[in-house]
Amino acid sequence: MLLDGRDPQAITQAAAALAAGELVALPTETVYGLGARADDDAAVAKIFAAKGRPADHPLIVHVLDAEDGARFASRLPPVALRLMSAFWPGPLTVIVPRAEGMGAAAAGGQSSIGLRCPAHPVARALLAAARAQGVLGVAAPSANRFGRVSPTQARHVVDEFEPGLLVLDGGECEVGIESSIVDCSREHPVLLRPGVLTHAEIEAAA
């Protein structure tokens with residue numbers, strides 16, 4: 001079901017679906033994501049089932065701000081805080097040590113977890129509305145079946161999944177490639193996936 005992401009009622013409907021443990025596709029500045037509340041392992045399992053993605057492949061948790069991100073972390077290393085300050089909201093994911101009992105399914109059972117604060121206004125409106133309903137973060141890999149091209153338009157998502165999926169239309173994604181990922185859970189930060197942010201930009205902020 002395609003919803004206009006500029007419509008406050010659509011945002012409210014999508015936030016309620018997330019709070020109830022359902023899946024919602026949402027736009028970010030990078031690509032469209034297939035989201036579920038990250039603090040509900042049963043909801044996150046629906047992402048893996050819908051995508052056909054192995055359950056031990058970690059997902060990125062999207063949060064409204066650093067304060068919400070900290071709820072999923074046992075600690076935020078100084079380098080992660082510097083990168084978050086420099087590039088959030090934006091196309092950067094930081095991997096940090098995971099708080100016990102938080103986001104286990106989203107993290108693929110690992111002791112670390114990936115966090116991102118998206119800049120897209122529809123994503124931010126959804127995260128804010130969902131937080132008001134008790135959703136601390138939204139696990140959201142790209143909204144495509146496993147191994148296929150990441151979608152940059154809402155119509156791509158509608159064509160990929162069953163018609164009952166709620167899809168917030170936020171227009172075409174500005175960046176069009178996945179976020180850069182920096183692992184900050186090790187002794188030294190490691191760029192695991194390049195994105196629109198250059199290695200030099202990340203290194204300067206770290």
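Nothing in this text is a laboratory measurement; each read-out follows from the coordinates by a stated rule. Just so we're clear, the structure is a prediction, and the values are computed from it rather than from any experiment. Note that we place each Cβ from the backbone using ideal geometry, even for glycine, and neighbour counts take in every protein chain shown.
Do you know the relative contact order of the stretch 97-184, to the nearest whole percent, from alpha carbon pairs under 8 angstrom that are 6+ apart? Reported relative contact order: 16 percent.
Charges were assigned to the Cβ only: +1 to each Lys and Arg, -1 to each Asp and Glu. The resulting dipole of the stretch 9-80 about its Cα centre is roughly 200 debye.
Against the chain, whose longest principal axis comes from its Cα atoms, helix 8-19 is set at around 70 degrees. Relative to the longest principal axis of the Cα atoms of the chain, the long axis of helix 41-51 lies at roughly 70 degrees. Using only Cα atoms, find the angle between the long axis of helix 121-132 and the longest principal axis of the chain, and express it within 0 to 90 degrees, rounded to the nearest 10. Once rounded, the angle reads 90 degrees.
Between Arg75 and Glu162, full extension at 0.36 nm per residue minus the direct alpha carbon distance yields a gain of 27.5 nm.
Run the paramagnetic zone check for Asp4: 7 angstrom along Cα to Cβ, then residues of the stretch 154-187 with backbone nitrogen under 13 Å. Output list for this probe position: 169-171. Dividing the summed -39500 (n - 2.57) terms of all DSSP H runs of n ≥ 4 by the residue count of the chain sets its mean residue ellipticity at 222 nm at -9000 deg cm²/dmol.
Other residues lying with their Cβ under 14 Å from the Cβ of Arg193 contribute a combined charge of -1, Lys and Arg counting +1, Asp and Glu -1. A dipole drawn for the stretch 1-139 from +1 and -1 charges on Cβ atoms has a positive end, and of Pro58, Pro27, Gly103 the residue lying farthest that way is Pro58. When the GluC sites (Glu not before Pro) in the stretch 15-108 are filtered for DSSP coil states and for at most 10 other beta-carbon atoms within 10 Å of their beta-carbon, the remaining sites are Glu100. Note: relative contact order over the chain, using C-alpha pairs below 8 Å and six or more positions apart, is 32 percent.
Only Lys, Arg, Asp and Glu carry charge here, each on its Cβ (+1 for the first two, -1 for the last two); on that basis the chain has a dipole of about 260 debye about its Cα centre.
Rounded to whole numbers, the Karplus 3J(HN,Hα) couplings from phi for the stretch 142-159 are 4, 8, 8, 5, 3, x, 9, 5, 5, x, 10, 9, 4, 4, 4, 5, 4, 5 Hz, using 6.51 cos²θ - 1.76 cosθ + 1.60 with θ = phi - 60°, and x at Gly and Pro. Taking θ as phi - 60° and the Karplus parameters 6.51, -1.76 and 1.60, the scalar couplings of the stretch 190-203 work out to 10, 7, 8, 9, x, x, 5, 6, 7, 4, 5, 5, 5, 4 Hz in sequence order, x denoting glycine and proline.
Packing around the peptides 126-132, 105-111, taken as the average count of other Cβ atoms within 10 Å per residue, puts them in this order, highest first: 126-132, 105-111.
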